[in-house]
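The numbers here are math on the coordinates, done by the rules we state, and not lab data. Bear in mind the structure is a predicted one, so any value in this text is a computation, not a measurement. Cβ atoms come from the backbone with ideal geometry, glycine included; neighbour counts cover every protein chain shown.
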Amino acid sequence: MPAHRIVDLFAGPGGLDVAARWLEVPATGVELDSNACATRDAAGLATKQGDVRDFGPSDFPDATVLAGGPPCQTYTVAGNGDGRRALRQIIAFARRMAKGKAEDVAAELSEVATDQRTVLVLEPLRWALAALEDGRPYEAIVLEQVQAVLPVWEVIGAVLYEKGYSVDYGILRAEQFGVPQTRRRAVLIARRSGPANLPGVTHRWYRKGTGREEGDRRLHPWVTMGDVLERPKPFEVISNYGTGGDPKARGRRTHDQPAFTVTGKISRNRVVAPGRPDSRFSHAEAGQLQSFPVDYQWCGSDIAQQIGNAVPPVLGIHVLVAALGLGFDSRDKALKKAASQRATIIPPENDSAAFVGEFSTAERGFATEGN
């Protein structure tokens, strides 16, 4: 039996599970959306289609690792704001669940928000507490969401710490792990045995106006759009985001920079190049900017949304290696598999180095010894 088996809640089209496959760790995803399930099926990923609220740890008795990336749309700036408005209540519910009142909380959660995706952020906590009550706690827990959910991770982390886990949480920047995109995500790692630590960064932080060779020399340069896309250079990307609806204020990135955060609206981005007609990113290209293989078979409808909602697989490698206590050899072997499928470019001088980057107090949580 493999040392680890993952059950991945809200698994989407398979970002974290692709990372797990590159690491040779079995994973089963729980996903409701039929389009995402079609993509997963085409990719050969194990899937249980359905609502995570209808399942629990007893349905996946062999799983030793719990992962979860609940829907983020209501917490994002671009979303409807329902999650941000209900944040204090969600945190209060998490604290009540820790006191053994999960059933009472479940009855009230549906009344908290107008958008039911908001309350799904607490489902991983329900699963973790249920596993503890069953006497089969998960060896590791990995949670990922948009930055606005960090306060929820803080509360969940405190609950897990009280239950005997070591916990670390904070904001990770995708470009600092070799993903050709500037994407920030709130990540929590909890471990039953040994200290929990977020992964050390391997690439430099992209900042507007800085050159690729600037920054910490111990780290690789950030990966660019031009590194992973087979497009004639130069080209420029004009984002769908702007200021006050003014088209002149739209964000712009060039081929020698990382992409903007890939969202479900990436199909609206314009790609402009001298002497060539304006174009849009194909699904394959959008997937590559998320670090999926170039030949990943996107299926169903609303593919842009599937891609935008996914965990970047290359980031997933780093997070899972840290959560499962795997070594640099496992990490680099998986990264080479990713590179062979043209998910991203790994510098040839890669030397298994890992450097823990600087996190501000607002971005970094805590790491404490568990039982």
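For segment 154-278, lysine pairs with C-alpha atoms less than 26 angstrom apart, excluding pairs fewer than eight positions apart on the same chain, total 6. Label zone of Asp41 (point 7 Å out along Cα→Cβ, amide N under 19 Å): in segment 275-304 this covers 296-304.
Applying both filters, DSSP loop and at most 10 other Cβ atoms within 10 Å, to the chymotrypsin sites (Phe, Trp or Tyr not before Pro) of segment 121-154 eliminates every site. Taking GluC sites (Glu not before Pro) across segment 171-236, the ones in a DSSP loop with at most 14 further Cβ atoms lying within 10 angstrom of their Cβ are Glu213, Glu214, Glu230. Applying a DSSP loop filter and a limit of 12 other Cβ atoms within 10 Å to the trypsin sites (Lys or Arg not before Pro) in segment 150-215 leaves Arg207, Lys208. Reducing segment 10-42 and segment 171-217 to their Cα centroids gives an inter-centroid distance of 23 Å.
Calculated FRET efficiency, Glu230 to Phe55, Cβ-Cβ distance, R0 = 45 Å: about 0.65 to the nearest 0.05. To the nearest 0.05, what FRET efficiency results for Lys336 and Val294 with a Förster distance of 25 Å applied to their C-beta separation? It comes out at approximately 0.95. Label-to-label distance for Ser301 and Thr254 is 4.1 nm, based on points extended 7 Å past Cα in the beta-carbon direction.
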